[in-house]
1. Modelled with pLDDT of 70 or more, within 30 Å of Glu234 (Cβ to Cβ) and assigned to a loop (DSSP other than H, G, I, E, B) - does that describe any residue in region 269-285?
2. Among the residues that make up region 186-198, is at least one of them surrounded by 13 or more Cβ atoms within 10 Å (Cβ to Cβ), over 26 Å from Pro134 (Cβ atoms) and touching a residue at least 12 places away in the same chain (Cβ under 8 Å)?
3. Among the residues of region 123-142, is any buried (at least 17 other Cβ atoms within 10 Å of the Cβ) and over 27 Å from the mean Cα position of the chain (by Cα)?
4. Any residue at all in region 212-219 that's modelled with pLDDT of 90 or more, closer than 25 Å to Val30 by Cβ, outside any loop (DSSP other than H, G, I, E, B) and of a type in the set (A, V, I, L, M)?
5. Given the residues Leu174, Leu228, Leu251, Leu261, which is the only one that is touching a residue at least 24 places away in the same chain (Cβ under 8 Å), among the hydrophobic types (A, V, I, L, M, F, W, C) and in the same structural domain as Glu303 (by TED's automatic domain parsing)?
6. So for region 173-189 (the condition being part of a helix (DSSP H, G or I), modelled with pLDDT of 95 or more and not small (Gly, Ala, Ser)), does at least one residue qualify?
Amino acid sequence: MSKSRLHTLKKWVTLQKAAAQLSEVFEEDVTEADLFQFALEGQLKLSVNLVNHGYARLGAVVPVDQAAVWIHAGSDYLPTMNEDIPESIREVIRAAQIGRPLSEDNRCALAGFISERYPSDASTGATLSGMLVPDDSAVVEIDYSKVHPISGVWDLSLYGAERLDIERRLMDELDGPAVELNTLDDVLLLDETRQIVASLQTYSRDVGYFPIERIPDDAMLVIRQSELQRFINERSDTPLEMSPRVEDGHLKTIAIMAKALAHQGGKQFGDAEKPNVSRGYEVLLAPHITEDMQGLSKSSLSERIKRGLQLVR
C-alpha cells in the first residue's frame, strides 16, 4: 500500500492533519478555525482523545416524548417521581417544558394532579429529568449516582459547556473578541454509537466528584477518520481514495457486467472478450444518466472497463 493511503488506516486524525487533508481535497486553504465553525454549525463532529483517561457520570440521550419527569413542592416535600406520575400528565409536563402551548384541559389536569399530591400553599414546580438538547428534540439524562472511568476517543456533543469552549477556541483562532459567557452546564461527550453520554467529572477532597467546566487541557481535539470521510463525500465530487484491493474488486465487477451485457446483447455490443463500450454506453446507460451523476462519462467508464478487463483476463 502506498504511503499516501496510510492516513485511511488511522481511526482519528489531529485537527491540523484534518485541515491539511481538506485543503488538499477542496484545493483551498482550510484552517482549524474553519473546523471549529463547521462543528458549531452542525456540519462536522469533533471528538476528543482522553489521553490521560478521565472520570464521568454516564447516561443517555432520550427522545423528549420518552423523557422522565418529576414534580416538586417546596423544600419540605419529597418530589413525585416519574413512575408515580400518569403518562397523560407526563405528556403535559414535557409539552410545557419545551414551550408548547397548553390547552385549558391540560392545564386543569396538571393542576388537579398537583393539588391531590400537595397542599395548596406549597410552591410547586414540574421539570424534565435532564437538560434539553438545543433543538428540544431530546433530553440528556445522567445517572449522577455513579462515577465511571472512561478513556479513548469520544465525540463532543455540543449540548453542554464544551460548546462554549469551542466558541472560545474559534474566537482565539480568528483573533476575535474574548468569549466572556459562562455556563452551568456539564461538559458532555458521546460515544461513537451516540447512545451513551458522559458528563466529565473532576475530583476534590472537599466535595468529591463534580462536573468540570471546560474540555481538559490534557485532552486532544481530534476528528474521526470516518467522520472526515463523510464530510468530504457529502461536499466533494472527488471520491476518496480506497485500498487497491477494494478498487480492483470494483473494476472487476464493472468488467464482468460489461462482458455479460455484450454476450447477451448481440453483435452490436461486441463480444464477451471485447465489449463495444461506446455502443453499450449510448444504448444502455446514457438514457439513465442524469447531469448530477458524477464520474459516469463515456470516457471515464471506458477507462474503468479496460482496466477491469485487464484484471479478469
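1. No, region 269-285 contains no residue that is modelled with pLDDT of 70 or more, within 30 Å of Glu234 (Cβ to Cβ) and assigned to a loop (DSSP other than H, G, I, E, B).
2. no
3. Yes: region 123-142 contains one or more residues that are buried (at least 17 other Cβ atoms within 10 Å of the Cβ) and over 27 Å from the mean Cα position of the chain (by Cα).
4. Yes, region 212-219 contains at least one residue that is modelled with pLDDT of 90 or more, closer than 25 Å to Val30 by Cβ, outside any loop (DSSP other than H, G, I, E, B) and of a type in the set (A, V, I, L, M).
5. Leu251
6. The answer is yes; a qualifying residue exists.
Conditions (1) touching a residue at least 24 places away in the same chain (Cβ under 8 Å); (2) of a type outside the set (A, V, I, L, M, F, W, C); (3) buried (at least 19 other Cβ atoms within 10 Å of the Cβ); (4) out of contact with any helix residue (DSSP H, G or I) (no Cβ under 8 Å at 6 or more places or on another chain), marked per residue:
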{"residue": "Gln16", "(1), (2), (3), (4)": "no, yes, no, no"}
{"residue": "Leu22", "(1), (2), (3), (4)": "yes, no, yes, no"}
{"residue": "Asp29", "(1), (2), (3), (4)": "no, yes, no, no"}
{"residue": "Leu35", "(1), (2), (3), (4)": "yes, no, yes, no"}
{"residue": "Tyr55", "(1), (2), (3), (4)": "yes, yes, no, yes"}
{"residue": "His72", "(1), (2), (3), (4)": "yes, yes, no, yes"}
{"residue": "Asp84", "(1), (2), (3), (4)": "no, yes, no, yes"}
{"residue": "Ala95", "(1), (2), (3), (4)": "no, no, no, no"}
{"residue": "Ile98", "(1), (2), (3), (4)": "yes, no, no, no"}
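The values are calculated or read from the model by the stated rules, or taken from the named source; none is laboratory data. If you're wondering where the values come from, they're calculated on a predicted model, not measured in any experiment. Every residue, glycine as well, gets a Cβ built from its backbone with ideal geometry; the counts of neighbours run over all protein chains shown.
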